[in-house]
1. From the square roots a ≥ b ≥ c of the eigenvalues of the alpha-carbon gyration tensor of the stretch 18-92, which class results: rounded (a/c under 1.5), prolate (a/b over b/c), or oblate?
2. Treating only the Cα positions of the chain as identical point scatterers, give the base-10 log of I(q)/I(0) from the Debye formula at each q in 0.09, 0.13 Å⁻¹.
3. So, in Å, what gap is there between the alpha-carbon centers of the stretch 207-261 and the stretch 165-198?
4. Over all Cα pairs of the stretch 331-401, how is the pair count split among 5 Å bins, expressed in % and running from 0 up to the last occupied bin?
5. Mind jotting down the three principal axis lengths of the stretch 283-347 based on Cα atoms? Whole angstrom, largest first.
6. Just order 382-393, 187-198 by mean Cβ neighbour count inside 10 Å, highest at the front, would you?
7. Have a look at the DSSP beta bridges in the chain and tell me what percent are antiparallel, nearest 5.
8. Where does helix 293-308 land angle-wise versus the long Cα axis of the chain, in degrees 0 to 90, nearest 10?
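A short reminder: the numbers here are calculations on the coordinates, not readings from a lab. Remember, predicted model here, so these are calculated numbers, not experimental data. Note that we place each Cβ from the backbone using ideal geometry, even for glycine, and neighbour counts take in every protein chain shown.
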Ligand SMILES: Cc1cc2nc3c(=O)[nH]c(=O)nc-3n(C[C@H](O)[C@H](O)[C@H](O)COP(=O)(O)O)c2cc1C
Ligand code: SF4
Ligand code: SF4
């Protein structure tokens, strides 16, 4: 039975029907596309970045990584900010706000100096945008006074955040580049400059594939290519760690986080929420599957909340943060041996090969029965559990305490369905 829960959030002082937004990119780059996404159920849009600079794009501009036949494990783009006239973009934002007053309109802007940032912020306010996002993070701008070169300089992030917040009362969100070691540093600078929110991540500098025909990277533009932004499922783990580190940072208390990077399903979105993001943004998942993926997010969240007896998204925000601890604080007193379900096992031998060649030679292979058998070498690393192609065929089993360590209660994951 369909469960409907109230998924509304208060994001930077404004109410919106759910936390699911389009992130700034082609998926929200004109009136018709954003209108269709709103009809599909998205709560708001970070409209495609608008600058005074109008992009001159190359063709082709996309590539993807595949693994074992699965395409789009990661996605590379060489696109810059909007290639539409500045005024037209703000007209679209104004029309969308007029026709969909209950949806949240965030104008994403990018200037190349103080004056441009101020001018764009005023234009966004005049267009009726609810909030402004500063794009400090596009890694493939052809002008280096803009994009991730700015986002990796805390001084410039502070300065341009201040330029915007000096001329508008709209909440300002700084969008961070992952092409840096510690995102907390530029994020703190943005907050010092007046940013109320941080969104992360923009794309990661990458070379996805080498074209062996032209001896260049992909995509091939007149025989050449550039290092540029990587997104999609492959970047989610990196995005999650940046969000968690910022959400745990004492100096960023009170700052709202918007999580971006590889979200395709309700579980992906929930992971960002549990690590401290109140708002979720998506691009690559929509480019691959269309706006309809929001239906799964809405129904998945509703069912999860119903099952857990949770009445608001707010109750979930940051719920996993206290369990992310430094490596030196982990309990290292025990090992969890794998347990093999002989009835589920299909005798493929992958656990045996991986453990022998890549772990600790802790599995003996019964040739006759084609079944694995654990020996005394096992260290409980769970490589075998990770390679087994059959769901829940290998599960965590006996907990063994190391010699001299005191036995106690241990929390482990039991279900891998
Ligand atoms: C084709 C493409 C164009 C993008 N253009 C912009 C942009 O104009 N402004 C911006 O802030 N981010 C831009 N991004 C970055 C996305 O908004 C997002 O931060 C990133 O792709 C990670 O999320 P995802 O894995 O859901 O795509 C673009 C991404 C893609 C794939
Ligand atoms: S847990 Fe690690 S060491 Fe033990 S059997 Fe599996 S792969 Fe081998
Ligand atoms: S990988 Fe899984 S299915 Fe294959 S032999 Fe090992 S336990 Fe059986």
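1. Values: a/c = 2.83, a/b = 1.25, b/c = 2.26.
Note, shape of the stretch 18-92 comes out oblate.
2. Here the Debye-derived log intensity ratios amount to -0.63, -1.13.
3. Computed from Cα coordinates, the inter-centre distance equals 18 Å.
4. Percent of pairs per bin, in order: 3, 18, 31, 26, 15, 5, 2, 0.
5. 44, 38, 28
6. Working: 382-393: 16.4, 187-198: 22.8.
Most protected by this proxy first, the peptides run 187-198, 382-393.
7. On the way: 27 of 57 bridges.
Approximately 45 percent, going by the DSSP bridge assignments.
8. For helix 293-308, the angle is close to 60 degrees.
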